[in-house]
Amino acid sequence: DVKVTQSSRYLVKRTGEKVFLECVQDMDHENMFWYRQDPGLGLRLIYFSYDVKMKEKGDIPEGYSVSREKKERFSLILESASTNQTSMYLCASSFQGGRRSYEQYFGPGTRLTVT
Amino acid sequence: GENVEQHPSTLSVQEGDSAVIKCTYSDSASNYFPWYKQELGKRPQLIIDIRSNVGEKKDQRIAVTLNKTAKHFSLHITETQPEDSAVYFCAASKTGNQFYFGTGTSLTVIP
């Protein structure tokens, strides 16, 4: 059974703090993703990674950075948190495109509040 | 890049009726179209997907249809039940790696 876990379910941070969100998957997936979910806006891709130390910008990368030092672990970093980054953050993982399943498996999400 | 539009944003149906959710996409190179269901407080989960070499796919009470010429695809749920109440997201992808998601449809099935 695929398992994608995130370091926190709920997080409250102050404006200007540096925030780390961590995601771990146990399925040997090449791809890992960070999404932001806001009401009425759906799932918006922040960054994704298709291999260790590789990263690609998604649709809304501003104010975020990522790190992937190990295949199973993908971190999202908010360098200086702002109130407009209050949101639900979802991590996902998948095999790379090809003959295998394209299905993305999601983590439980981290609800981040920046005050 | 790809742009996926999803309608309606909210949908209420009586138990036992059918529900249809529609999505359009802009990039004709997109060839993979998944649908995800997210129950309240839970993570999104894949319920059905279709590739561009197929026009329709069915799995029990759910089906997806794809019209490549018009660049739209739809989710059909028949004989709806209260446990079908959730937010449904469509997505499009041309590589199987990066997905472009629609904005979601909140489906309520009224007992």
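The values are calculated or read from the model by the stated rules, or taken from the named source; none is laboratory data. In this text the structure is predicted, and so the values were computed from the model without any measurement. A quick note on method: Cβ atoms are made from the backbone with ideal geometry, for glycine too, and the neighbour counts reach across all protein chains shown. Note: accessible area is taken over every heavy atom of the protein model, side chains too, but ligands, DNA and RNA are not part of it. Shrake-Rupley method; radii C 1.70, N 1.55, O 1.52, S 1.80 Å.
Points to keep in mind about this one:
- The accessible surface of chain A, taken with every protein chain in place and a 1.4 Å probe, is 48 percent carbon and sulfur.
- The GNM of chain A, with springs linking C-alpha atoms under 10 angstrom apart, assigns the highest mean-square fluctuation among A:Gly58, A:Gly97, A:Gly40 to A:Gly40.
- Across the alpha-carbon atoms of chain A, the computed radius of gyration and Dmax are 13.5, 45 angstrom.
- Those GluC sites (Glu not before Pro) in segment B:43-83 that DSSP places in a loop and that have at most 13 other beta carbons within 10 Å: B:Glu79
- Rounded Å value of the spacing that divides the Cα centres of segment B:18-54 and segment A:80-115: 17 Å
- Accessible surface computed residue by residue for the protein assembly as shown, with neighbouring protein chains in place and a 1.4 Å probe, gives 49 Å² per residue.
- Residues in segment B:9-39 occluded by at least 40 Å² - accessible area, probe radius 1.4 Å, against chain by itself: B:Tyr36
- Using a probe radius of 1.4 angstrom, the carbon and sulfur fraction of the accessible surface of segment B:1-98 is 45%.
- Straight-line cross-link reach from A:Lys13 at under 19 Å between alpha-carbon atoms covers these aspartates and glutamates, not counting any fewer than eight positions away in the same chain: A:Glu22, A:Asp38, A:Glu62, A:Glu79.
- Long-range HN-HN contacts of B:Glu15 with modeled amide H, under 5 Å: B:Ile110
- Selection from B:Asn3, B:Ser85, B:Ala70, by position along the positive dipole direction of the protein assembly as shown (Cβ): B:Asn3
- Percent of Cα pairs exceeding the 19 Å cut-off, where the set is segment B:21-111: 36 percent
- Mean Cα-pair separation over length for segment A:10-115, i.e. relative contact order, pairs under 8 Å, 6 or more apart, %: 35 percent
- Contact surface B-A: accessible area buried, both sides summed, square angstrom, 1.4 angstrom probe: 1700 Å²
- Burial of 10 Å² or greater, segment A:12-39 residues [accessible area, probe 1.4 Å, versus chain by itself]: A:Asn31, A:Phe33, A:Tyr35, A:Gln37
- Computed about its Cα centre, the charge dipole of the protein assembly as shown is approximately 460 debye, with only Lys, Arg, Asp and Glu carrying charge at their Cβ.
- Calculated over segment B:5-67: convex hull of Cα atoms, volume per residue (Å³): 114 Å³
- Dividing the mean sequence gap of close Cα pairs (under 8 Å, 6+ apart) by how many residues chain B holds gives a relative contact order of 37 percent.
- Positive-end residue of A:Phe74, A:Thr86, A:Ile60, charge dipole of segment A:11-115 with Cβ unit charges: A:Thr86
- Residue among A:Lys71, A:Lys18, A:Lys55 with the largest mean-square fluctuation in a Gaussian network model of chain A, springs linking Cα atoms under 10 Å: A:Lys18
- Per-residue shielding of A:104-114, expressed as the average number of other chain Cβ atoms within 10 Å of the residue Cβ, stands at 3.
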